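Just passing along the structure, written as structure tokens.
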Amino acid sequence: MTDAILVINAGSSSLKFAGYAANGGREPVLLAAGKAEAIRTAPRFVVKDKDGATVTEDHWRDGTELSHSDCLAHLLDWMATNAADVRIQAVGHRIAHGGADFRQAVRIEDDVMRRLEALIPLAPLHQPHNLAPVQALADRLGDVPQVACFDTSFHADKPEVAAMFALPREMTERGVRRYGFHGLSYEYISRELPRYAPEASKVVVAHLGSGASMCAIRDGRSVDSTMGFTAVDGLPMGTRTGALDPGVVLYCLQELGMDAAAIEDLLYRRSGLLGVSGISNDMRRLLDSDDPHAAQAVDLFVYHVARNVGALAVAMGGLDALVFTAGIGENAAPVRAAVAEWVAWLGLAFDADANAAGGPRISTDGSRVSAWVIPTDEERMIARHTARVLGLDGGAR
Ligand code: ADP
């Protein structure tokens, strides 16, 4: 029997999972990983082994709608048949928001669950989906411990000046502050980076996926990030606006007669790359398109990434390294090249050949600011936290 930590990363239309052997105090060992995607439209279930080779691929008919609970049932049934020697020892979940209360990963007891549900208004697009599998797994697995790992934790100690809005104090005291997200990704990258750039102390990491944000990391700690109170702030994203003059929201309410639901739809689902291009939220499609609106969407995205490199360098008093990660950051060489062109004056001498080859180093040897492509691994970070919280790591820190 192999005891395993099951990692669950549930989004609105997908459920990613991975299994790790806890490995008694050493680094968790990946056993298999996969995802159920397009779960509400045309579900597909894929499992890959530790080397990335596909071992199972199941499809459902177009129009099939699966819940998170259906997907988990499918996963557990798959395990019973294909991994009968694996026993789930613990489950680690990616949870978007820990609010002001949860500054570190925590075991999910009943009262914790209630407090996490109370944070749903702060992350309406993510938190309900993140929490849905917790109950479904409790129903199937009984007392197997479950751990919440937060996207906000890595940012919890950032300076107050980076955390406050210029709002009346009572609003700040209610918790209306800049939390920051993608923390599991940033934490993973900040642990990896010393292997590549051991001297780098002032680092900007650009996590550019469907959701996108950037973080200023000084000596391994987050000092600021582009996302704020919710995950709609900062960079333009696949379908989200990013930072927006709040006057636009008032205009929508007062002049256009939009209600809260319509505005939420506008901010989260109809804007960003999709809204500007009118074509797609998918960076690959935009880079392949000849449409000038697609080019404009890419330019706008690149511009905001570059502008935030400057802003985040100010937060650290300088810049030693710039790291690109997540779907766009890891794969879209033209986006990296365009960002590098904007920020060359900061001391980044870009290596176009290395960039086209995918890195990892994409700056020249003599560049004062180094630039890197480093794949992120949020699931591994969740496995590490889960092992630590439950003491499955033999007390290793
Ligand atoms: P998430 O996990 O937030 O759903 P990902 O990190 O997988 O998102 O990133 C998805 C984004 O990455 C999409 O915009 C997709 O187009 C982009 N992407 C993935 N592969 C490539 C590629 N080869 N070239 C350009 N963009 C890519």
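None of the figures in this text is laboratory data; all of them are computed from the coordinates on show. No experiment lies behind these values; they were computed from the predicted model shown. Cβ sites come from the backbone with ideal geometry, for glycine too, and all protein chains shown count toward neighbours.
Taking the conditions exactly as written (touching a residue at least 12 places away in the same chain (Cβ under 8 Å), farther than 21 Å from Gly183 by Cβ, among the aliphatic types (A, V, I, L, M) and within 16 Å of the ligand (Cβ to nearest atom)), does Ala18 satisfy them or not?
In short, no.
Continuing with this model, one more query. Answer yes or no: is there a residue in segment 266-273 that is outside any helix (DSSP H, G or I), among the charged types (D, E, K, R), farther than 30 Å from Arg384 by Cβ and free of Cβ contacts under 8 Å to residues at least 60 places away in the same chain.
yes
Continuing with the same structure: Looking only at segment 68-81, decide whether some residue is buried (at least 22 other Cβ atoms within 10 Å of the Cβ) and either more than 22 Å from Ser14 (Cβ to Cβ) or among the polar types (S, T, N, Q) (or both).
No: zero hits.
With Gly242, Gly238 as the choices, which residue is more than 16 Å from Asp151 (Cβ to Cβ), in a loop (DSSP other than H, G, I, E, B), free of Cβ contacts under 8 Å to residues at least 60 places away in the same chain and within 16 Å of the ligand (Cβ to nearest atom)?
Gly238
Right, another one. Can you name the condition, by its number, that Lys202 falls short on among (1) surrounded by 15 or more Cβ atoms within 10 Å (Cβ to Cβ); (2) touching a Phe, Trp or Tyr at 6+ places or on another chain (Cβ under 9 Å)?
(2)
Report those helices (runs of 4 or more DSSP H) wholly inside segment 130-197 carrying at least 3 residues which are of a type in the set (Gly, Ala, Ser).
Here the list reads 183-196.
Could you tell me which of the residues Glu330, Glu341 is within 16 Å of the ligand (Cβ to nearest atom), acidic (Asp, Glu) and in a helix (DSSP H, G or I)?
Glu330
Condition first: within 16 Å of the ligand (Cβ to nearest atom) and part of a helix (DSSP H, G or I). Now tell me which residues in segment 297-327 satisfy that.
If the condition is that a residue be within 16 Å of the ligand (Cβ to nearest atom) and part of a helix (DSSP H, G or I), then Ala297, Val298, Asp299, Leu300, Phe301, Val302, His304, Val305, Ala326, Gly327 are the ones that fit.
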